[in-house]
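Presented below is the structure to which this report refers.
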C-alpha cells in the first residue's frame, strides 16, 4: 500500500459534483505529508482502489483514462471564451446572460451546474474565491492552482481583497469597485477580463494567448501584447 | 407518479434579506461570515438539491431555490476600514434566508 501509485495524487478529484466535499474538513490533506512522503488520506484511497481493481469493478486503464479526462481541460478553454467575447459583442451578451450556453456555442461543455461569467470594467473588478473548499470551473480551466485552495487565500480574499490583489501584483486604479464572488455552492464563476489596450490588430488566437488563468480568476489582468 | 410542487421562489431581485444562522452541522454551504448579515438578492439561480442532504446520500429532495446574494463589504466587516464600493456576492439556499425586517441602512457619511 505504500508503493508509489501514479493515480493516487489525483484521486481526490474523483467527486461526483466537482464539489470536493471532503476539502472543507480535510483541506490540509492536500499539502500535508507524513515522514514517508504520503499525502494524508492517500493510503485510504490506495486501499479503495486496490479493492475495486481486485474485484474487477475498475481497471487501472479506466482509472488512467479518467485521470486524463479530468486533466484535459485547461486554461486554453477559458481563453477561447474570453477571446470570443472580446471580439463578438453578441456572443458576449449571451455569455453574460448564461455562461453555460455561451460556452456551448464554442463547443465547450461546462460540467458544472451553471457558469456565471462576470465582466471586468473600468469601474468594477471581479475576484473569485471558494471560502469553503475549492469550487472552481474545472471543466473550463482545469485544476485550480494550489494557492486557490490555500486557507490563506480563501480567508483573505473575502476580507481584504485589495490587499490580496496587491500581493498578486495587481494595483487597481483608485475608485475601482472590487466584486468578490464566493463560489460556495452550485454556480461556477469565470472572470471576463478587460481587453488589453493595443490588441485591436490581433485575431482570436492572438488574443487567446493573452488570457491567463489568473486573469480568469481575477487576481491579474490579461497580458499585454 | 405524483410529484410535489416546487418550493416557492420567495425573493425577487433587489429584495433585502438577512442570512439566518441555522446552527446546522455537516456539509453546510453557508459560511459563518455572512450569517446574521444583510444583503440583497442579486439573482435567482434555479433549484438545486440541498447539499446538506446530498452530502449524506439523500437525493430525495425537494430541490431548494438558490439565490446569489450581494453584500456590502462594509456590512460584512464593519470594524475594518475599506472602500465604500466593494461588494461580496455569494450563493445562499432559500432556507438560510429571511426577509430583512427593515431596509438596509443608508450609507452614512
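The values are calculated or read from the model by the stated rules, or taken from the named source; none is laboratory data. What you see is a predicted model; the values in this text were computed from it and never measured. Note: ideal-geometry Cβ built from the backbone for every residue, glycine included; neighbour counts use all protein chains shown.
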Exercise for the section: Working only within segment A:140-159, note down all residues that are within 14 Å of another protein chain (Cβ to nearest Cβ) and either outside any helix (DSSP H, G or I) or over 16 Å from residue A:216 (Cα atoms) (or both). Expected result: A:151, A:154, A:155, A:156, A:158, A:159
Practice task
Would you confirm whether any residue within segment B:39-47 is exposed (fewer than 12 other Cβ atoms within 10 Å of the Cβ), within 13 Å of the chain's Cα centre (by Cα) and closer than 25 Å to residue A:99 by Cα?
Solution key: no
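Which one of A:183, A:134 is more than 13 Å from every other protein chain (Cβ to nearest Cβ) and surrounded by 21 or more Cβ atoms within 10 Å (Cβ to Cβ)? Even if it seems obvious, please write down each step before you answer.
Working: A:183 fails: more than 13 Å from every other protein chain (Cβ to nearest Cβ).
Among A:183, A:134, only A:134 is more than 13 Å from every other protein chain (Cβ to nearest Cβ) and surrounded by 21 or more Cβ atoms within 10 Å (Cβ to Cβ).
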Fill in the blank from the handout: For segment B:38-60, the count of residues that are within 12 Å of chain A (Cβ to nearest Cβ) and either in contact with a helix residue (DSSP H, G or I) (Cβ under 6 Å, 6 or more places away or on another chain) or free of Cβ contacts under 8 Å to residues at least 24 places away in the same chain (or both) equals 4
Handout entry: Whichever residue in segment B:23-37 is within 11 Å of the chain's Cα centre (by Cα) and under 11 Å from residue B:93 (Cβ atoms) and, among such residues, is farthest from the other protein chains (Cβ to nearest Cβ)
Key = B:30
Completion exercise
Going through segment A:102-116 in order, the residues found to be in contact with a helix residue (DSSP H, G or I) (Cβ under 7 Å, 6 or more places away or on another chain) and farther than 17 Å from residue B:44 by Cβ are A:102, A:103, A:105, A:106, A:108, A:109, A:110, A:111, A:112
Exercise for the section: For segment A:90-113, enumerate the residues that are surrounded by fewer than 19 Cβ atoms within 10 Å (Cβ to Cβ), closer than 18 Å to residue B:67 by Cβ and modelled with pLDDT under 95. Expected result: A:113
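Give the residue that is nearest to residue A:94 (Cα to Cα), with candidates limited to residues of segment A:109-125 that are more than 9 Å from chain B (Cβ to nearest Cβ) and not in a loop (DSSP other than H, G, I, E, B).
Filtering segment A:109-125 for residues that are more than 9 Å from chain B (Cβ to nearest Cβ) and not in a loop (DSSP other than H, G, I, E, B), the one nearest to residue A:94 (Cα to Cα) comes out as A:117.
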Practice task
Search segment B:75-93 for residues that are more than 8 Å from chain A (Cβ to nearest Cβ) and pair each with any residue that is at pLDDT below 85 when their beta-carbon atoms are under 9 Å apart and the residues are at least 6 apart or on different chains.
Solution key: B:75/B:104; B:75/B:105; B:84/B:107
Exercise for the section: Just name the residue that is farthest from residue A:145 (Cα to Cα) out of those in segment A:88-108 that are assigned to a loop (DSSP other than H, G, I, E, B) and more than 13 Å from every other protein chain (Cβ to nearest Cβ). Expected result: A:88
Problem - Yes/no for residue A:85 being away from chain B (no Cβ under 14 Å), modelled with pLDDT under 95 and either within 14 Å of the chain's Cα centre (by Cα) or surrounded by 19 or more Cβ atoms within 10 Å (Cβ to Cβ) (or both) - result: no
